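*Asks:* Below is the structure I would like to discuss, written out as structure tokens.
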């Protein structure tokens, strides 16, 4: 049996709440995505330096250890530290290349 309503009848409006009644629950909102930490990710910096991210993190742990509260958290290398690490690495590479060249020159001259 069909339920017939007159066409001019308005849809039912929710009744006002009385004191002590529960309000209808809103669907839960998804949590906001976490804000990324400020700074350079090791993957990006390692790419600029020609290293693997794993090697860069090892280098950073050895030369620029993080504070205790940062350990175990996502890496975010401050811009100033990223620039410093790049310069230090480049300088060290230059020193290695110079020493290697000197060693090769000595070997070629028979001084080894």
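*Asks:* Which FRET efficiency, nearest 0.05, do residue 102 and residue 80 yield, Cβ-Cβ r, R0 35 Å?
*Replies:* 0.55
*Asks:* Test of understanding: what is the full-extension gain from residue 71 to residue 43, defined as 0.36 nm times their sequence separation minus their Cα-Cα distance?
*Replies:* Gain on stretching residue 71 to residue 43: 8.3 nm.
*Asks:* Report, to two decimal places, the Cα Rg of segment 42-109 normalised by 2.2 N^0.38 Å (N = number of residues).
*Replies:* It is 1.41.
Read-outs: derived from the displayed coordinates by stated rules, not from any lab. Only a predicted model underlies this, so the values are computations on that prediction, with no experimental measurement involved. In this analysis, Cβ positions are derived from the backbone assuming ideal geometry, glycine residues included, and neighbour counts consider all displayed protein chains.
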